Amino acid sequence: MGKITVTPCGDIEGLKVVEPTVFGDSRGYFMETYNYNDFKEAGIDVTFVQDNQSSSSKGVLRGLHFQINYPQDKLVRVVSGEVFDVAVDLREGSKTFGKWFGVLLSAENKKQFFIPKGFAHGFVVLSDSAEFAYKCSDFYHPNDEGGLRWNDPEIGVEWPIPEGMELLLSDKDQKWGSFSEYCQK
């Protein structure tokens with residue numbers, strides 16, 4: 001191994017921050033963002049089938065999203081800019097059900113965040129703009145979307161939103177229900 005460093009995220013089993021080895025010189029840098037063998041050796045044995053990339057401006061908050069019947073493992077990273085990325089444990093029976101973990105991802109720190117199936121996911125853009133890229137272990141099914149309210153006090157995500165920053169949410173993200181409503185389904 002040695003090409004990546006994998007760090008578990010607090011007490012939430014399955015979440016991992018992945019830091020690739022970066023080889024830099026006066027010309028710039030090189031890094032492997034994904035190598036199946038290295039990830040498998042680090043305990044992330046997932047086959048990814050789809051890559052996605054989005055661009056968002058400062059204050060855009062996307063989430064908290066999940067797929068209901070076709071859950072996805074995700075490996076997320078930031079290509080340019082900076083975001084605060086969040087995962088919420090929705091695995092029934094998990095000792096951390098309803099708990100969240102957040103990590104700052106940026107082009108500068110080159111960290112990646114592995115989010116296994118059974119989590120809601122979202123992020124807020126802290127830089128002027130950000131390009132966000134992620135791998136998924138299942139295909140996107142538009143009729144299978146689920147979500148939670150980004151600011152549900154029961155979950156209590158501590159978004160690092162600077163004073164005066166205006167949040168931009170999609171209509172859909174403004175209408176998701178609470179964690180309690182999700183638990184009643």
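The values are calculated or read from the model by the stated rules, or taken from the named source; none is laboratory data. Because the structure is a prediction, the values reported are computed rather than measured. In this analysis, Cβ positions are derived from the backbone assuming ideal geometry, glycine residues included, and neighbour counts consider all displayed protein chains. Calculation scope for accessible area: heavy atoms of the full protein, side chains included, ligands and nucleic acids excluded. Shrake-Rupley method; radii C 1.70, N 1.55, O 1.52, S 1.80 Å.
Taking the centroid of alpha carbons for each part, region 3-59 and region 108-185 are 19 Å apart. Across the chain, the volume of the C-alpha convex hull divided among the residues equals 127 Å³ per residue. In this view, the solvent-accessible surface of Glu166, computed with a 1.4 Å probe and all protein chains in place, comes to about 130 Å².
The lysines whose alpha-carbon is closer than 20 Å to the alpha-carbon of Lys58, local same-chain residues fewer than 8 away aside, are Lys110, Lys111, Lys172. Spin-label model, Leu168/Tyr140: points 7 Å from Cα along the beta carbon direction are separated by 1.8 nm.
Backbone phi angles across region 155-167, fed through the Karplus curve with coefficients 6.51, -1.76 and 1.60 (θ = phi - 60°), yield HN-Hα couplings of 7, x, 4, 9, 5, x, 8, x, 4, x, 6, 7, 7 Hz in residue order; Gly and Pro are listed as x. Structure remark: mean-square fluctuation, Gaussian network model of the chain, C-alpha springs under 10 Å; the largest value among Glu41, Glu82, Glu131 belongs to Glu41. Mean separation of Cα pairs under 8 Å and 6 or more residues apart, divided by the residue count, gives the chain a relative contact order of 27 percent. Using the 1.4 Å probe convention, the accessible area of region 127-176 works out to 62 Å² per residue with neighbouring protein chains retained. Determine which lysines satisfy two conditions relative to Lys117: a Cα distance under 20 Å, and not lying fewer than 8 residues away in the same chain. List returned: Lys16, Lys40, Lys74, Lys95, Lys99, Lys135, Lys185.
To put it simply, the accessible area of region 31-103 at a 1.4 Å probe is 43 percent carbon and sulfur.
Dividing the alpha-carbon radius of gyration of region 39-133 by the rule-of-thumb value 2.2 N^0.38 Å gives 1.08.
Over region 62-111, accessible surface divided per residue gives 45 Å², non-protein components excluded, 1.4 Å probe.
Spin-label pair Phe97-Ile161: with each label point 7 Å from Cα along the Cα-Cβ axis, the two points sit 2.9 nm from one another.
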